[in-house]
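First up is the structure itself, then whatever we jot down about it.
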Amino acid sequence: MLKNLWHFVLLSIFSCNVSSLTLQGTVTTTDGEPVFEAVITAVGTAKNKPSLTTSLRTIDQRNREFVSHILAIHAGESVIFPNSDNIQHHVYSFSPTNSFEIQLYKGMPAKPISFDKAGIVVLGCNIHDWMVGYVYVTDAPYFTQTDAKGAWTLNLPADDYTLTLWHPNLDSTNNVQIQQIKLNAEKTAPLEQKVTLKTTSRTGKPPAEDSQNPVY
Amino acid sequence: MKTKIWFVIVTSAIFFASALHADDFHNIQVHGEADFRYIHTNSDSQNNTDFSKFWDGGANQDLFHVNEAALTLQGRLNWSWTGSITAKYGYDAKNPVDISEAVLFFKPVSTSPWRINARLGSFFAPISLENTGTAWTSPYTLTSSAINSWVGEELKTFGGEATVGYHLENGDHVDFFGAGFGNNDTAGTLLAFRGWRLHDYEATISDGFKLPNPTHIQNIFPKQALTTQPFTEVDGRAGYYAGFNMERPDVLKFRVLYYDNRANPTIVENGQYGWHTRFGSAGLKFVLPFELTFIEQSMLGNTQMGGLVGTHAAVDVNFWAHSFLLSKKIIEGHRFSVRYDIFGTHKNDELVQNPNEENGSAWTVNYNWFFLKHHQLNFEVTTTNSNVTMRSLQNINPTQNETLWQIGYRVFF
């Protein structure tokens with residue numbers, strides 16, 4: 001199988017802040033295409049962990065797709081699954097860390113789903129087989145996701161970090177790219193990392209109109 | 001009778017459930033297609049109609065007709081059950097309008113890697129990897145492969161099918177399926193008496209086909225009717241099929257199936273013989289880079305009819321076919337497909353007056369354009385070379401070259 005070579009370019013810029021440094025990066029392909037919704041986590045050596053605020057997160061069902069396609073949350077947060085389509089969805093996951101099912105009529109369901117254990121939760125819809133979504137539940141003290149331009153930002157104290165990039169289409173063991181990074185006030189080390197990405201993978205989008213199948 | 005029974009069961013279920021759940025579900029979905037064709041055929045012989053490889057082959061002619069019009073009614077009964085019924089008009093059909101499929105699907109949600117689902121009613125066995133569109137149309141070609149043309153003509157499951165699947169989180173899954181069915185005891189008649197054909201006619205549930213060279217067949221088998229009814233129960237004995245499917249969604253699909261209708265070949269009822277038909281079928285679909293799709297299908301089987309004549313049944317014929325399709329989406333909505341078919345039958349029986357031997361191959365080239373969401377324009381040519389010994393009974397050269405040119409306009413909704 002042919003595989004595209006994707007290019008993960010990490011540009012690190014450090015600012016001199018006594019308590020917090022800003023680490024930024026951009027995830028792009030060799031063609032310069034940004035990689036959207038990739039998850040970046042940073043785990044340092046410091047024993048003091050930042051206090052994380054817990055909020056209610058949302059994954060919508062819109063035009064027969066999960067929106068967001070990938071959502072990173074920290075363990076203990078809850079996600080609510082509204083349905084913006086005018087048809088039913090039947091969302092489920094059989095991931096060992098968080099298996100559940102929820103029947104979605106139109107609008108807002110009564111209860112959110114709580115994700116207490118770290119792990120990757122793959123979402124499906126029992127009515128629309130093509131739908132696929134991911135909840136990345138992490139214990140990492142620092143995490144973020146790339147925006148539409150592939151850019152991300154983390155505010156971190158100086159430390160040695162294990163930096164993890166995850167995207168479901170990364171063609172590597174467990175779909176991750178891991179690197180060690182020493183973060184201090186003096187160092188400015190732009191990083192470049194090349195990874196391959198699956199060329200044929202599930203997009204989670206409805207079948208093309210010319211498949212002759214009504215998409216309902 | 002069968003039409004009425006399935007129509008009543010499935011439509012009643014759909015409408016009854018929709019009335020119960022009117023507030024919860026937008027239940028009834030109506031889909032369909034209409035298919036208009038201009039066709040031009042060429043053949044070496046102008047009298048090669050009975051044993052032509054095409055539906056309207058055997059003569060040089062131009063035809064314009066409504067090839068097919070189908071309406072599918074789908075309804076969700078609850079979170080686990082759906083129903084679907086398809087009625088169609090088919091060009092040259094025995095009945096102007098008839099049911100082609102009527103099926104209830106059971107698909108409960110699973111929060112474990114194991115999943116079960118089931119189908120109940122009349123439906124196609126999981127053999128074709130090409131006919132995935134509304135009303136069993138193919139997004140690749142107008143003319144089906146030799147294998148899928150025969151599946152459309154003579155195979156239909158009247159019964160139940162259950163599937164147990166094991167899914168991985170990356171979407172990969174393997175499924176084991178099995179089905180029990182009735183009303184398919186005459187499957188094999190057309191392969192033995194006529195041979196393979198390339199077309200896109202799908203038989204409806206009370207359909208019938210005129211036999212080729214029927215007087216000759218009746219001279220040998222006086223009890224055989226002039227028309228074969230593909231979905232008939234002759235001996236009251238259920239048939240089965242079983243197989244497995246391995247799939248990586250949007251990338252790869254591999255499917256194997258074994259079919260045995262367990263028909264008793266010595267029983268004749270209302271002019272219909274039981275044909276004991278067994279075959280193995282395998283299919284492979286690859287989605288390749290550069291918007292390319294490759295589909296291969298193979299079938300190998302045997303059919304037997306009648307009492308022993310010497311050491312074999314009166315008719316004892318092996319059949320086999322392979323198809324290789326390569327399709328490329330050029331740009332959105334534009335698709336170019338090429339398929340090569342190779343097929344044949346071989347006679348094991350000792351009945352010399354019934355020479356069921358053939359060897360043939362065909363190329364099909366299709367370009368289609370899907371536009372304005374619902375419309376599709378097709379340009380297609382199929383050319384075939386075949387040697388059919390039964391043609392000699394009609395004083396036609398057994399080897400014939402035939403070509404079918406088609407312009408097809410289809411609308412889907």
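All of the numbers you see were taken from the coordinates with simple rules; none came from a lab. Because the structure is a prediction, the values reported are computed rather than measured. Please note: Cβ atoms are built from the backbone with ideal geometry, for glycine as well, and neighbour counts cover all protein chains shown.
Once the Cα gyration tensor of the stretch B:286-413 is diagonalised, what are the square roots of 5 times its eigenvalues, in whole Å and ordered largest first, as equivalent ellipsoid semi-axes? Spell out each step's value before the answer.
Values: eigenvalues 295, 58, 33 Å².
Working from the Cα gyration tensor, I get semi-axes of 38, 17, 13 Å.
Taking Cα atoms, how many degrees apart are the long axis of helix B:2-20 and the longest axis of chain B, rounded to 10 and kept between 0 and 90?
Result, in degrees: 10.
Which of B:Pro212, B:Thr111, B:Asn318 sits closest to the plus end of the dipole of chain B, meaning its Cα is farthest towards the positive end, when Lys and Arg get +1 and Asp and Glu get -1 on the C-beta?
B:Thr111
Straight-line reach from B:Lys107: which aspartates and glutamates have a Cα under 17 Å away, not including same-chain ones fewer than 8 places off?
A:Glu101, A:Asp129, B:Glu161, B:Asp175
If you take each beta carbon of peptide B:240-252 and count the beta carbons of other chains within 10 angstrom, what is the mean?
Partner-chain Cβ atoms within 10 Å, mean over residues of B:240-252: 2.
Based on the mean of other Cβ atoms within 10 Å per residue, sort peptides B:189-196, A:59-66 so the most packed one is first.
Details: B:189-196: 25.8, A:59-66: 18.1.
Order by mean packing, descending: B:189-196, A:59-66.
What share of Cα pairs, in percent, lie more than 23 angstrom apart in the stretch A:56-137?
Numbers: 326 of 3321 pairs.
Percentage above 23 Å: 10.
So what's the back-of-envelope 222 nm ellipticity for chain B, counting only DSSP H runs of four-plus at -39500 (n - 2.57) apiece and dividing by all residues, rounded to 500?
Values: 4 runs with 40 residues, N = 413.
One gets -3000 deg cm²/dmol as the mean residue ellipticity at 222 nm.
Hey, if you put +1 on the Cβ of every Lys and Arg and -1 on every Asp and Glu Cβ in chain A, which of A:Ala72, A:His89, A:Leu104 ends up farthest toward the positive end of that dipole?
Towards the positive end, the residue furthest out is A:Ala72.
Using a 10 Å cut-off on Cβ to Cβ distances, tally the other chain neighbours for every residue of B:106-115 and report the average as a whole number.
Details: counts 0, 4, 3, 11, 6, 8, 3, 4, 1, 2.
Partner-chain Cβ atoms within 10 Å, mean over residues of B:106-115: 4.
About the Cα centre, and with charges only on the beta carbon of Lys, Arg (+1) and Asp, Glu (-1), how big is the dipole of the stretch B:259-413? Nearest 20 debye, please. Spell out each step's value before the answer.
Numbers: 11 positive and 13 negative charges, 125 e Å.
Dipole about the Cα centre, nearest 20: 600 debye.
Check the straight Cα-Cα distances from B:Lys285 and name the lysines below 16 Å, setting aside those fewer than 8 residues away within the same chain.
Result set, ordered by chain and number: B:Lys253, B:Lys328, B:Lys329.
Mind checking which lysines have their Cα closer than 24 Å to the Cα of B:Lys223? Skip sequence neighbours fewer than 8 apart in that chain.
Within the straight-line limit of under 24 Å, B:Lys223 reaches these lysines: B:Lys2, B:Lys94, B:Lys210, B:Lys347.
Taking the Cα centre as origin and putting +1 on Lys and Arg beta-carbons and -1 on Asp and Glu beta-carbons, what dipole magnitude results for the stretch B:341-390, to the nearest 20 debye? Write out the running numbers ahead of the final one.
Values: 2 positive and 6 negative charges, 75 e Å.
It comes to approximately 360 debye.
I'm a student and want to see the number: the projected area of the Cα convex hull of the protein assembly as shown, averaged over all directions, in nm². Walk me through the numbers before you get to the answer.
Details: hull surface 119.7 nm².
For the protein assembly as shown, the mean projected area of the Cα convex hull comes to 29.9 nm².
For peptide A:204-212, what's the mean number of Cβ atoms from other chains within 10 Å of each residue's Cβ?
Average neighbour count from other chains, rounded to a whole number: 6.
Do me a favour and compute the ellipsoid semi-axes for chain B from its Cα gyration tensor, root of five times each eigenvalue, largest one first, whole Å. Don't jump to the answer; show the numbers that get you there.
Details: eigenvalues 222, 138, 90 Å².
Result for chain B: semi-axes of 33, 26, 21 Å.
What residue among B:His173, B:Ala162, B:Ala146 has its Cα farthest toward the positive end of the dipole of the stretch B:139-198, where the charges are +1 on Lys, Arg and -1 on Asp, Glu, each on the Cβ?
B:Ala146
Size of the stretch A:18-162 along its principal axes in angstrom, Cα-based, largest extent first?
52, 38, 24 Å, listed from the longest principal axis down.
Determine, for each peptide in B:317-328, B:41-52, B:284-295, the mean count of other beta carbons within 10 angstrom over its residues, then list the peptides with the highest first. Spell out each step's value before the answer.
Numbers: B:317-328: 20.8, B:41-52: 19.0, B:284-295: 15.5.
The most tightly packed comes first, giving B:317-328, B:41-52, B:284-295.
State to the nearest 20 debye the size of the charge dipole of chain B about its Cα centre, where the only charges are +1 on K and R beta carbons and -1 on D and E beta carbons.
Details: 30 positive and 40 negative charges, 63 e Å.
Computed about the Cα centre, the dipole is about 300 debye.
Any chance you could count the Lys pairs in chain A whose alpha carbons are under 19 Å apart, treating pairs 8 or more apart or on different chains as valid? Write down the numbers at each step before the final one.
On the way: A:Lys3/A:Lys194; A:Lys3/A:Lys198; A:Lys47/A:Lys182; A:Lys49/A:Lys117; A:Lys49/A:Lys182; A:Lys149/A:Lys194.
Lysine pair count for chain A: 6.
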